Amino acid sequence: MIERPTAKLEFRRATNADCATAQAIVREALAEHGLGLLLDTSDKDLLDLEAHYDARGGAFELIYAASNDEPVGVLGWRPGANRTVELKKVYLRRSARGLGVGKLAVQRVIDHARALGLDAVVLETAHVMTDAIRLYTRLGFRPVTGDDAATFANLGEDCEQAFRLALR
């Protein structure tokens, strides 16, 4: 069990050497919702983190709590269309849920987008990810479609809902 995070939470930049670890965390979180890892479609970014994030001006990070040597989650974001940042991945191991880790991770992306002077943060998710949807809604994200969804205007079968947080 990890402690409630404060300054003890650390975000470490991932490389392609971390792909298997990232896949394991995402697979574990998805399985708890009856979903699987889709390396051919929505999770193909987990096969080459550096190309899908760093090379596009984004970041993929492993989240560590001071009390753990193993990462407790992942966070991935990259620039999107129309002056947005795409929040691509936020997945936590069960031991890190309900402790504020997800909130700190999403806030990290929001703060980054604000620092860049961008207009919004956008994301897509599945309806079964109810805890994540509650978190996004509490942080001010709203369900959107069409142009407001930016890059996520055309959703896939695995993610049925787009959200947007306007920063201006």
Every listed condition ((1) in contact (Cβ under 8 Å) with a residue 40 or more places away in the chain; (2) farther than 24 Å from THR21 by Cα) holds for ARG134 save (1)
For GLY140, state whether it is modelled with pLDDT of 95 or more and either in a loop (DSSP other than H, G, I, E, B) or touching a Leu at 6+ places or on another chain (Cβ under 6 Å) (or both).
yes
Being farther than 18 Å from TYR53 by Cβ and at pLDDT 95 or above is the filter here, so list the residues in the stretch 66-92 that pass it.
VAL72, LEU92
In the stretch 37-59, which residues are surrounded by fewer than 18 Cβ atoms within 10 Å (Cβ to Cβ), in contact with a helix residue (DSSP H, G or I) (Cβ under 6 Å, 6 or more places away or on another chain) and either of a type in the set (Gly, Ala, Ser) or assigned to a helix (DSSP H, G or I) (or both)?
GLU50
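Quick check on the stretch 87-118: of everything there that is in a helix (DSSP H, G or I) and among the charged types (D, E, K, R), which residue is nearest to GLU70 (Cα to Cα)?
The initial filter retains those residues of the stretch 87-118 that are in a helix (DSSP H, G or I), namely 94-96, 101-115.
From the residues that got through so far, the ones that are among the charged types (D, E, K, R) too are 94, 103, 108, 111, 114.
On the way: ARG94: 13, LYS103: 20, ARG108: 20, ASP111: 26, ARG114: 30 Å.
Of everything passing the filter in the stretch 87-118, ARG94 is nearest to GLU70 (Cα to Cα).
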Give just the number: which of (1) in contact with an Asp or Glu (Cβ under 9 Å, 6 or more places away or on another chain); (2) more than 22 Å from GLU10 (Cβ to Cβ); (3) among the aliphatic types (A, V, I, L, M) does ALA105 not satisfy?
(2)
Quick one: in the stretch 29-57, which of the residues that are touching an Asp or Glu at 6+ places or on another chain (Cβ under 8 Å) and not β-branched (Val, Ile, Thr) is nearest to TRP77 (Cα to Cα)?
TYR53
Output for the stretch 86-101, where each listed residue is crowded, with 16+ Cβ neighbours inside 10 Å and in contact (Cβ under 8 Å) with a residue 40 or more places away in the chain:
GLU86, LYS88, LYS89, VAL90, TYR91, LEU92, ARG93, SER95, ALA96, LEU99, VAL101
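Each row is one residue, and each column tells you yes or no for (1) basic (Lys, Arg); (2) within 21 Å of LYS44 (Cα to Cα); (3) in contact with a strand residue (DSSP E or B) (Cβ under 9 Å, 6 or more places away or on another chain).
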{"residue": "GLY57", "(1), (2), (3)": "no, yes, yes"}
{"residue": "TYR64", "(1), (2), (3)": "no, no, yes"}
{"residue": "TRP77", "(1), (2), (3)": "no, yes, yes"}
{"residue": "GLU86", "(1), (2), (3)": "no, yes, yes"}
{"residue": "GLY98", "(1), (2), (3)": "no, no, no"}
{"residue": "ARG134", "(1), (2), (3)": "yes, no, no"}
{"residue": "GLY140", "(1), (2), (3)": "no, no, yes"}
If I filter the stretch 77-91 for residues that are more than 11 Å from the chain's Cα centre (by Cα) and more than 21 Å from LEU167 (Cβ to Cβ), do I get at least one hit?
no
Within the stretch 60-85, how many residues turn out to be under 28 Å from ASP147 (Cβ atoms) and surrounded by fewer than 23 Cβ atoms within 10 Å (Cβ to Cβ)?
5
Scanning the stretch 11-44 for residues that are among the acidic types (Asp, Glu) and modelled with pLDDT of 95 or more, the one nearest to SER95 (Cα to Cα) turns out to be GLU28
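Please pick out the residue among LEU104, LEU118, LEU123, LEU135 that is surrounded by 13 or more Cβ atoms within 10 Å (Cβ to Cβ), over 19 Å from ALA24 (Cβ atoms), over 14 Å from the mean Cα position of the chain (by Cα) and not hydroxyl-bearing (Ser, Thr, Tyr). Explain how you work it out, then say what you get.
On the way: LEU104 fails: over 14 Å from the mean Cα position of the chain (by Cα); LEU123 fails: over 14 Å from the mean Cα position of the chain (by Cα); LEU135 fails: over 14 Å from the mean Cα position of the chain (by Cα).
None of the others qualify; the one that does is LEU118.
The values are calculated or read from the model by the stated rules, or taken from the named source; none is laboratory data. Keep in mind the model is a prediction, meaning the values are calculated, not measured. Positions of Cβ are generated from backbone atoms using ideal geometry, with glycine treated the same way; all protein chains shown enter the neighbour counts.
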